[in-house]
Structure formats: structure tokens, C-alpha cells
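For reference, the structure is listed below as C-alpha cells.
Nothing in this text is a laboratory measurement; each read-out follows from the coordinates by a stated rule. Here the structure is a predicted model, which is why all the values come from computation and not from measurement. Here Cβ is always computed from backbone atoms with ideal geometry, including for glycine, and neighbour counts include all displayed protein chains.
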Amino acid sequence: MAYTVESVLNDEKILAEFNWDRDSLTAFGNQIVAQGKKDSLPLAVAVYFEDVRIFQGFLEGTSSNNELWVNRKINTVRATGHSSLYSRAVMEKTGAYQELGLENHMGELAICGGGVAIRQGDEVKAVIIVSGLPHEDDHNLVMNEFAKFKALSA
């Protein structure tokens, strides 16, 4: 396990420090899609801003199964107010779903990486969803691409 509750919360903090709006989120979604095409990755990418899907891209190799995972990951972020990998880290740390308080929603959620929350104060302002890679790689792709995006935006 290369992630912890603390590391995922730190990723959220890093993303929260950027001044996001619809245009920057759409540009970021396009950047992730471009990287996925360059690397021939079977990615599904969705971007939500203020609870509305404003961007999506489904690359070669994706299927309706990826759409299910996108929906489960956004449901997880909405239910917890944190990245979906945070839920996985809490579950692995405690060994129990009860700590998350999500028992009645397990079929609708994805307790894995790939739903990355962009928080503003105590609320989720935006969510970047990546599906198609191993779950940690989904999360890490968002964070790696953000480092490039931030450098280009400076």
C-alpha cells in the first residue's frame, strides 16, 4: 500500500490550493485524455464542477463497465466528501467499512482510487474521475498530470 489516509488528504490539500474554475477543469480533463491517448491507455475521464459533469472522455478500450466505475467513484466522493482512495485507505487502516458509515450503499460505491476530490473549505468543489487502470494508478495519474498542469499554468 503506497498510500495512507494522510497522503490522500495531502493530495486533496495540494489540489485545493489551485484556483479552479470550469475552464481550468476542462483544460485539465483534456490534458489527462491527451496523456491517455499518448500512452494508449484505456481511460475513462470525467470532471465534475459543483456537482455537474462538465467534461468526459472515453478512450479506445473503454466500455460501459467504465461508465459504471465513473458513477461509483463519483458516488463515493459525494458520500464521503473525500477522494475515493481516502475511503480505501480508511478501510484498510481500520479493517472495517463501518468506520466510513457507508454500509447501505456498498453496491453504488467504489472503495478504490480514481475519484479525486477538489475541496474548497469543508465542501467538495470539483471531482476528477479516472477509470481504466489499477485503482492506485488512476489516482496517481490525476496527481502526476496535475503537477504538469500547475507548472504550465504558472
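Observations
- Length gained on full extension, Asn19 to Thr4: 2.8 nm, using 0.36 nm per residue less the C-alpha separation.
- The helix-only estimate of mean residue ellipticity at 222 nm for the chain, built from DSSP H runs of length n ≥ 4 each weighted as -39500 (n - 2.57), is -16000 deg cm²/dmol after division by the residue total.
- Calculated from backbone phi, Karplus (6.51, -1.76, 1.60) coupling profile of the stretch 111-121 in Hz, x at Gly/Pro: 8, 6, x, x, x, 9, 7, 10, 9, 10, x
- Computed lengthening from Asn144 to Ala79, 0.36 nm per intervening residue step minus Cα-Cα distance: 20.9 nm
- Our coupling estimate for the stretch 17-29, obtained by passing each phi through the Karplus curve with A = 6.51, B = -1.76, C = 1.60 and θ = phi - 60°, is 6, 8, 8, 7, 8, 4, 5, 5, 5, 5, 4, 5, x Hz, Gly and Pro reported as x.
- Summed side-chain charge close to Ala110 - residues other than Ala110 whose Cβ falls under 12 Å, Lys, Arg +1, Asp, Glu -1: +2
- The structure-derived value of Rg and Dmax of the Cα atoms in Å appears in the list (i) 15.1, 51; (ii) 17.6, 54; (iii) 14.3, 44 under the label (iii).
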